Amino acid sequence: MSGAEKIQVKVTEVTPLNALVTRFRFEAVDGSLLPTFSGGAHTVVEMQDGGITRLNPYSLMSDPYDQSAYTISVRRDDAGRGGSLFMHNQVKTGDEMVISYPVNLFSLDLRARKHLFIAGGIGITPFLAQIHQLEHFNGHWELHYSCRSEALGSYADELSHSHPNKTHIYYDDQDQRIGLQHLLEGQPLGTHVYVCGPKGMIDWVKSTAEAESWPADNIHYEEFLAPQPGKPFQVKLAISNKTIEVGEHESLLEAMEREGVDAPYLCRGGACGQCETRVIDYQGNFIHRDHWLDDNEHASGEKIMPCVSRFEGKTLVLDH
Amino acid sequence: MTIQFNDESFRGDYTFRNSDWAIQRFPFPFHEDSYMYSVNMEQHRGGPKGSVYEQRFDVDEHYVSEMKDRALVLDQDPLRCQSLPHMTLAGWDLLELIMVSKSEDYPDLFELNRDGNRWRWVNKPLRIDHTFTFLDETTLPYGPMEYITRQAQGDFAILDQRDDMLWMDAGMVTTQADWSLDFDIGMNFFEWHAPVPKAHEMGIFVRALKFLLNIQQGAPARRLNWTMTVNPLLDTSPENYHKWGIQKTELTPENIGRKQHLRVELQTFFRLPRSNALVFPIRCYLCAFEDLMTVPKWGRRLHRVIRDLPDELATYKGFIDNRPLMLDYLSKFDDGLPTSLGIWPDRETEPPLQK
Ligand code: FES
């Protein structure tokens, strides 16, 4: 079986936060305690959406030591493939769902003397759990959180209220910007910087920190990659001896699963490396979108990450 | 079942013995008549009743004496237990994992009562009854990892996971098969595996690392490894080679059955939830050749495996010089009959020795 272990949960609260973001609370169906986890972990939520099974990863935002419930926040993506819309439109209090055990691909580096968090929009969620975790041990942290407007600033008020000296909020519509270079220059030795948000923000923080000669080990990031829709394409699976059609709104991984192929995965977001697949033959172009393979591997045409990457062309034969 | 704990030594007069129960459940590591180095991982989710696979942390008749031996080693060499400062949370993770597992798996021996962070831990075999505050080090006599691993058989390496790499950043290592925590502490996965022969060529370690990095909460894994030890000596550390290395020269045709032990490591791997570190318990089981020979299938098979093992592996495992002596002894227990697949003794179905 692919993916992490599963947990049967019941939705016990659905809380709209603002025009875009809704929070969901999950408790174990059998009333047992949920596993503790480490800040930065995500869970993969299974959605039975008509005939389609959607599996979307969401960062756990609740206190990792609170075993009574997990919470996640879902931002509605009207242009996306429907996972977030399903959560917003279909999921109701009392529903039973299946989620995965926590998996952490964005954990704190516990050697850090100080943790500097930089969040953009819904990228705030993993930091909420990390802040809970650090607060248990009087950890040294500081948050810089940029959001579109006060109305859309999920958790901005709560954070400013509970941690006024550690929280800095920036509103785009008020032309407030994180003074990143200055901020990085002023950090004590042994600080680690963590960034979660849109791709542009991650690239900006990474390149600025590198330019400031921060060691690569001290820069951490997690990007929320959702598979993007694209032109349908055909692939041949050499081991299972099947030719399958990948539809416009499904990923290659989802298409294989739909056809009963038990392909490995964990994050479903191009980050963990678990789904890495060998390309046996191809004629055409890859649309690589993952963060796992490096540029050379992308160019080589030897590997693909089916959770987020696609293909355009005549033939694609995979080792599955 | 209630376990009768042995009072025995793993040094000096070597009074260590396996009961018939312990022999029957010995994790014989060869599932066929030959051996090839491989990663051979499987899920660690129980196993046949009474086997060493059944529980998350196996407790057997050697528990109390092994813990005494550990205390002796630590007295002489406190560096056998080390934890880099950032690994304290992982130590609490391990303490929680072991206490919860043992109290659930052996309720007659261990009890854990939790009231928020106020925990009461009762370890009947070691006569410990301790109330402490979870996550507060000042309420324990040692750091959390040291505290709990003074009460758990086997060595423990705790590996921090950073940047798709594992780092040996904490451990309790007193029963090791010739490796040194003090030497390996702070090293990454490739650095601490450096002496294994041929493995890099096989790409085995790259795959093993990938496998370990992906071990997730709730899905522990396990494998067996093995070597040979003369005398039931737990502490075969490089630090003490000058003391135990010499014992390898003391084997004779008369004493080999009693003195030569097959040493098997049950290695398990658990993702630790709070720290996201990985713990790697390495549990050592020893069995004298003469005890192994009471199981006809194991007698036949051990002879064939040792006979056909490539020289470099026999050298790596440290018994190339004694191999002729071993084969003389073992060949008496091999009548050439076929053996059943798998590691289990199959006493009911395998024929007795035909010579
Ligand atoms: S499932 Fe994680 S990279 Fe594809």
remark   = When chain A is treated as a Gaussian network with springs between alpha carbons less than 10 Å apart, the largest mean-square fluctuation among A:R75, A:R111, A:R310 is found at A:R111
request  = Treat each spin label as a single point 7 Å out from the Cα along the C-beta direction, and report the A:E245 to B:E254 distance in nm.
outcome  = 8.3 nm
ask   = How much length is gained on full extension from B:D105 to B:L341, taking 0.36 nm per residue of separation minus their Cα-Cα distance?
value = 82.0 nm
Max mean-square fluctuation residue, GNM over chain A, Cα-Cα springs under 10 Å, options A:V11, A:V195, A:V261 = A:V261
key: Shielding of B:214-220 by partner chains, average beta-carbon count, 10 Å   = 6
note = In terms of the alpha carbon gyration tensor, root eigenvalues a ≥ b ≥ c, rounded if a/c is under 1.5 and otherwise prolate when a/b exceeds b/c or oblate, region A:114-222 is oblate
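Here is the link list: A:K114/B:K68; A:K10/A:K206; A:K206/B:K210; A:K199/B:K210; A:K166/A:K199. Which ones come out longer than 31 Å on Cα distance?
A:K114/B:K68; A:K10/A:K206
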Anisotropy class of region B:1-111 from Cα gyration tensor, a/c 1.5 cut = rounded
remark   = Row for region A:257-312, column shape: gyration tensor on C-alpha, a ≥ b ≥ c, rounded if a/c < 1.5 i.e. under 1.5, prolate if a/b over b/c, else oblate; value oblate
key: Sites B:V122 and A:A151 - FRET efficiency at Förster radius 51 Å, r taken between beta-carbons, to 0.05   = 0.40
ask   = For B:K248, which lysines qualify as cross-link partners when the Cα separation must be under 20 Å and same-chain residues fewer than eight apart are set aside?
value = B:K259, B:K317
query = Roughly what angle does helix B:63-76 make with the longest principal axis of chain B, taking Cα atoms, 0 to 90 degrees, to the nearest 10?
reply = 70 degrees
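So how do A:281-287, B:298-304 stack up, highest first, on mean other-Cβ count within 10 Å? Write down the numbers at each step before the final one.
Details: A:281-287: 14.3, B:298-304: 22.9.
Answer by packing, highest mean first, reads B:298-304, A:281-287.
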ask   = In debye to the nearest 20, how big a dipole does region B:107-234 give about its Cα centre with +1 on each Lys and Arg Cβ and -1 on each Asp and Glu Cβ?
value = 480 debye
ask   = Which of the lysines could a cross-linker span from A:K314 if the Cα-Cα distance has to be under 18 Å and same-chain partners fewer than 8 positions apart are dropped?
value = A:K231, A:K236, A:K242, A:K303
inquiry  = Using a Förster radius of 41 Å, what is the FRET efficiency between B:D77 and A:L33 based on their Cβ-Cβ separation? Nearest 0.05, please.
reply    = 0.55
remark   = region A:6-103: relative contact order from alpha carbon pairs under 8 Å, six or more residues apart, as a whole percent, is 38 percent
query = In degrees, nearest 10, range 0 to 90: what is the angle between the Cα axis of helix A:125-136 and the longest Cα principal axis of chain A?
reply = 50 degrees
request  = Name the aspartates and glutamates eligible as straight-distance cross-link partners of B:K124: C-alpha to C-alpha under 17 Å, and not fewer than 8 places from it in the same chain.
outcome  = B:D7, B:D58, B:D60, B:E61, B:E66, B:E104, B:D105, B:D108, B:E111
note = 1/(1 + (r/R0)^6) with r = Cβ-Cβ of B:D182 and B:R114, R0 = 51 Å, i.e. FRET efficiency to nearest 0.05, evaluates to 0.90
ask   = How crowded by other chains is B:268-280, given as the mean number of beta carbons from other chains within 10 Å of each beta carbon?
value = 4
request  = Specify the residue with the greatest mean-square fluctuation among A:L253, A:L237, A:L189, computed from a Gaussian network of chain A linking alpha-carbon atoms under 10 Å apart.
outcome  = A:L189
request  = Could you grab the relative contact order for region A:21-168? Cα pairs under 8 Å, six or more apart, rounded to a whole percent.
outcome  = 26 percent
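Over the whole of A:101-111, what's the average partner chain Cβ count within 10 Å per residue? Rounded to a whole number, please.
What the average comes to for A:101-111 is 6.
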query = So how far, in whole Å, is the C-alpha centre of region B:1-60 from the one of region B:213-270?
reply = 12 Å
task = Name the residue farthest towards the positive end of the dipole of the protein assembly as shown from the options B:P27, A:C272, B:V295, assuming +1 on Cβ of Lys and Arg, -1 on Cβ of Asp and Glu, about the Cα centre.
result = B:V295
inquiry  = About the Cα centre, and with charges only on the beta carbon of Lys, Arg (+1) and Asp, Glu (-1), how big is the dipole of chain B? Nearest 20 debye, please.
reply    = 520 debye
remark   = One finds the C-alpha centres of region A:227-243 and region B:70-139 to be spaced, in Å, by 51 Å
message = Taking the Cα centre as origin and putting +1 on Lys and Arg beta-carbons and -1 on Asp and Glu beta-carbons, what dipole magnitude results for region A:114-222, to the nearest 20 debye?
response = 120 debye
query = Residue separation times 0.36 nm, minus the C-alpha to C-alpha distance between A:Q228 and A:N89: what's the value?
reply = 48.0 nm
inquiry  = Among A:S84, A:S59, A:V45, which residue has its Cα furthest toward the positive end of the charge dipole of region A:6-103, with +1 on Lys/Arg Cβ and -1 on Asp/Glu Cβ?
reply    = A:S84
note = Relative to chain B, whose Cα atoms define the longest principal axis, helix B:88-105 and its Cα axis are tilted in degrees, nearest 10, by 70 degrees
inquiry  = Could you tell me which residue out of A:F137, A:T125, A:Q174 lies farthest along the dipole of region A:114-222 toward its positive end? Charges go on the beta carbon: Lys and Arg +1, Asp and Glu -1, centred on the Cα centre.
reply    = A:F137
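A short reminder: the numbers here are calculations on the coordinates, not readings from a lab. Small disclaimer: the values here were computed from a predicted structure and weren't measured. We place every Cβ from the backbone using ideal geometry, glycine too, and count neighbours over all the protein chains shown.
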